[in-house]
Amino acid sequence: MRFTKDHEWVVLEGDVATVGITSYAAEQLGDVVFVETPEVGKTVAAGEALAVVESVKAASDVYAPLSGEVVEANTALGDKPETVNEAAESDGWFAKLKVANPADYEGLMDRAAYDEFLKTL
């Protein structure tokens with residue numbers, strides 16, 4: 001699992017990356033009440049908005065940590081947005097991307113680096 005400074009996590013399996021928000025981000029948002037997942041087939045560049053998550057406190061974009069094409073969206077979040085709070089770094093994933101350049105994954109933070117980053121906030 002790798003992380004971004006925008007609090008997304010990504011797991012790469014072959015050339016398909018599963019993307020979600022970190023437990024830290026879910027805690028900061030509070031109770032998630034709405035999730036908008038991307039359309040399958042949508043192409044995104046790293047750093048572009050991929051999905052939307054709304055909580056009782058705020059609405060925010062979920063950014064693509066890697067460039068690629070959406071091959072699957074976790075549409076179950078539409079009916080159960082609270083899954084993001086309950087299992088942010090597992091079942092609460094937003095989308096799966098067919099990654100344009102899998103080598104970019106190595107440029108993201110590992111868990112130890114992300115934990116150090118959180119200490120600076």
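Here are some notes:
- Check on residue 25, closer than 20 Å to residue 112 by Cα, touching a helix residue (DSSP H, G or I) at 6+ places or on another chain (Cβ under 6 Å) and either surrounded by 14 or more Cβ atoms within 10 Å (Cβ to Cβ) or of a type in the set (Lys, Arg) (or both): no
- Subset tally (residues that are farther than 23 Å from residue 99 by Cβ and of a type in the set (Val, Ile, Thr)) for the stretch 36-87: 2
- Those residues of the stretch 93-121 which are touching a Pro at 6+ places or on another chain (Cβ under 9 Å) and either part of a loop (DSSP other than H, G, I, E, B) or surrounded by fewer than 14 Cβ atoms within 10 Å (Cβ to Cβ) (or both), in sequence order: 94, 108
- Filtering the stretch 77-92 to residues that are over 14 Å from residue 39 (Cβ atoms) and surrounded by fewer than 22 Cβ atoms within 10 Å (Cβ to Cβ) leaves 79, 80, 81, 82, 83, 85, 86, 87, 89, 90, 91.
- Pair list, Cβ < 7 Å and 6+ apart or interchain, from the stretch 28-57 residues that are within 16 Å of residue 74 (Cβ to Cβ) to residues that are in a helix (DSSP H, G or I) and not hydrophobic (A, V, I, L, M, F, W, C): 32/85; 35/78
- Some residue of the stretch 40-54 being at pLDDT below 95 and either in contact with a Pro (Cβ under 6 Å, 6 or more places away or on another chain) or not hydrophobic (A, V, I, L, M, F, W, C) (or both): no
- Condition broken by residue 68, with the remaining ones in (1) surrounded by 18 or more Cβ atoms within 10 Å (Cβ to Cβ); (2) under 26 Å from residue 116 (Cα atoms) satisfied: (2)
- Some residue of the stretch 16-35 being touching a Gly at 6+ places or on another chain (Cβ under 9 Å), at pLDDT 95 or above, under 21 Å from residue 107 (Cβ atoms) and not β-branched (Val, Ile, Thr): yes
The values are calculated or read from the model by the stated rules, or taken from the named source; none is laboratory data. Owing to the predicted nature of the structure, the values given are computational and were not obtained by experimental measurement. Every residue, glycine among them, receives a Cβ derived from its backbone with ideal geometry; neighbour counts consider all protein chains shown.
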